[in-house]
Amino acid sequence: MAKQEQPGLLIVEIGGVRGVLEGHVELLKKHFHLITMKEFLKKKERLSEKIKSVLIYECRPVIDRELLQSLPHLKVIANSGVGVDHLDLKLISSFGVKVTNTPHAVSDSTADIGMALMLASARRLVEGNFLNSFHFAADWLGDEVTGATLGIIGMGSIGYKVAKRAKAFEMKILYHNRNQRKEEEEQAVGARYCEKMEDLLQQSDFVILVVNLTPQTHKLIGKRELELMKPTATLINISRGAVVDHDALVEALQNGIIKAAALDVTNPEPLPRDHPLLKLKNIIITPHIGTATVQATRMMTEEAVANIQAVLNGLPIPSEKLSEPG
Ligand SMILES: O=C(O)C(=O)CO
């Protein structure tokens, strides 16, 4: 197929294609004529007819009515990443446009970050980094992850991968899902279902958040929930910052309501420099790097391409995100 005839793919990414990882541009160019947001805005009249798909590349842009109205032939918005909380699914579907994401590509790398945060926090790795001298164990006591109880809130594909890793650490695994009990996963990793999230919070040494951000999970963890946790427990968040009430978390960490927190996500990202969370010692905050591996980013691009091609060719879509009814 001549390049000019390839469907136009609008790349929405901070920095245009320069921000897309090296090697991925070539992969995308094999299938699509790439158009950056900057180019699009300059030659909107001419380009808008050509664009059939949009690829959102590791950023949180607003896809609004105006953009949707300017793309009459748009068929699909492919999100590279699993969370689509930055997209208005109802608005997009009202334009007859499909939304896809990449749940398979991200699950291992994000589960790894969850385990890394748990281990780093439990064994005080960040505090100890570069303190390359002999210290008495008594000054550096941490907690063992092995044998501890892990509470997973959100047993989706990432939550399950966390559970598999936790099993290898001989952890006791509890989980809570709002809608669905996962009996197969329970058996595979020996996890126990807590119908009430409160029970999980009260019993866990580590609580890890792996839910999607929705109106129901916004500030799911607030003052009350933190107060239910053990004073020796650690909260780990690899989902979205807004799932945790940050004011309540500051208070809980300052007053020994919980022992520590380890966050890969905050609200907003980044936090303002003077945010009280950044001043605490019993917290680790990483810059939303759940999917930042060579392998995951490559797979995200491949999964997004497969999704777009399925939509354009009228085939079953590997990972479609439907808007909730109502
Ligand atoms: O996959 C996602 O939703 C992410 O958070 C990517 O970092």
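When Tyr57 is tested against the conditions (1) surrounded by fewer than 22 Cβ atoms within 10 Å (Cβ to Cβ); (2) modelled with pLDDT under 90; (3) among the aromatic types (Phe, Trp, Tyr), the lone failure is (1). Are any of the residues in the range 125-133 touching a Ser or Thr at 6+ places or on another chain (Cβ under 6 Å), among the small types (Gly, Ala, Ser) and either in a loop (DSSP other than H, G, I, E, B) or more than 16 Å from the ligand (Cβ to nearest atom) (or both)? Checked against the condition, which is being touching a Ser or Thr at 6+ places or on another chain (Cβ under 6 Å), among the small types (Gly, Ala, Ser) and either in a loop (DSSP other than H, G, I, E, B) or more than 16 Å from the ligand (Cβ to nearest atom) (or both), the range 125-133 yields no hits at all.
One residue stands out in the range 172-205 among those that are of a type in the set (S, T, N, Q) and part of a loop (DSSP other than H, G, I, E, B): the one that is nearest to Met118 (Cα to Cα), namely Ser204.
Met155 - would you say it is in contact with an Asp or Glu (Cβ under 9 Å, 6 or more places away or on another chain) and farther than 24 Å from Pro7 by Cβ? Steps first, answer last, please.
On the way: in contact with an Asp or Glu (Cβ under 9 Å, 6 or more places away or on another chain): yes; farther than 24 Å from Pro7 by Cβ: yes.
Criteria met by Met155.
Within the range 171-224, the only residue that satisfies the criterion of being over 19 Å from Ser157 (Cα atoms), within 22 Å of the chain's Cα centre (by Cα) and among the charged types (D, E, K, R) is Lys219. Just checking, which of Ala260, Ala306 is closer than 19 Å to Leu28 by Cα and surrounded by 13 or more Cβ atoms within 10 Å (Cβ to Cβ)? Only one candidate passes the filter, namely Ala306. Cβ contacts < 9 Å: first residue more than 8 Å from the ligand (Cβ to nearest atom), restricted to the range 289-303; second residue in a helix (DSSP H, G or I) and among the hydroxyl-bearing types (Ser, Thr, Tyr), any location; separation 6+ or different chain. Result? Short answer, once both residue conditions are applied: Thr293/Ser109; Gln295/Ser109; Ala296/Ser107; Ala296/Ser109; Ala296/Thr110; Thr297/Ser109; Met299/Ser109. Every condition in (1) within 14 Å of Ser323 (Cα to Cα); (2) among the hydroxyl-bearing types (Ser, Thr, Tyr); (3) within 16 Å of the ligand (Cβ to nearest atom) holds for Tyr57 except the one numbered (1).
One residue alone among Ile158, Ile113, Ile92 is touching a strand residue (DSSP E or B) at 6+ places or on another chain (Cβ under 7 Å), in a helix (DSSP H, G or I), at pLDDT 95 or above and among the β-branched types (Val, Ile, Thr), and that residue is Ile92. It is to be established whether one or more residues within the range 206-222 are surrounded by 15 or more Cβ atoms within 10 Å (Cβ to Cβ) and assigned to a helix (DSSP H, G or I). No, there is no match, as no residue in the range 206-222 is surrounded by 15 or more Cβ atoms within 10 Å (Cβ to Cβ) and assigned to a helix (DSSP H, G or I). In the range 67-86, the residues that are free of Cβ contacts under 8 Å to residues at least 24 places away in the same chain reach residues that are in a strand (DSSP E or B) and of a type in the set (A, V, I, L, M) with C-beta atoms within less than 7 angstrom, at least six apart or across chains, in these pairs: Leu74/Ile51; Leu74/Val54. In the set (1) under 19 Å from the mean Cα position of the chain (by Cα); (2) closer than 30 Å to Pro318 by Cα; (3) at pLDDT 95 or above, the condition left unmet by Lys98 is number (1). All of Ile173, Ile208 fail the test of being touching a helix residue (DSSP H, G or I) at 6+ places or on another chain (Cβ under 9 Å), in contact (Cβ under 8 Å) with a residue 12 or more places away in the chain and under 22 Å from Thr102 (Cα atoms), apart from Ile208.
Can we say His86 is at pLDDT below 95, touching a Gly at 6+ places or on another chain (Cβ under 9 Å) and not hydroxyl-bearing (Ser, Thr, Tyr)? Walk me through how you get there before you give the answer.
On the way: at pLDDT below 95: yes; touching a Gly at 6+ places or on another chain (Cβ under 9 Å): no; not hydroxyl-bearing (Ser, Thr, Tyr): yes.
So His86 does not fit the description; no.
If you check every pair at least six apart or on different chains, which have Cβ atoms under 7 Å apart with a residue in the range 33-44 that is farther than 10 Å from Leu9 by Cα and modelled with pLDDT of 90 or more first and a residue that is outside any helix (DSSP H, G or I) and of a type in the set (A, V, I, L, M, F, W, C) second? Between residues of the range 33-44 that are farther than 10 Å from Leu9 by Cα and modelled with pLDDT of 90 or more and residues that are outside any helix (DSSP H, G or I) and of a type in the set (A, V, I, L, M, F, W, C), the close pairs are Phe40/Leu10. Exactly one residue out of Val82, Val97 is away from the ligand (no atom under 16 Å from the Cβ) and of a type in the set (Val, Ile, Thr): that is Val97. Looking across the range 227-265 at every residue that is within 16 Å of the ligand (Cβ to nearest atom) and polar (S, T, N, Q), the one that is farthest from Leu277 (Cα to Cα) is identified as Ser239.
The values are calculated or read from the model by the stated rules, or taken from the named source; none is laboratory data. Keep in mind that what you see is a predicted model, and the values were worked out from it rather than measured. Methodologically, a virtual Cβ is constructed for each residue, glycine included, from the backbone with ideal geometry; neighbour enumeration extends over all protein chains shown.
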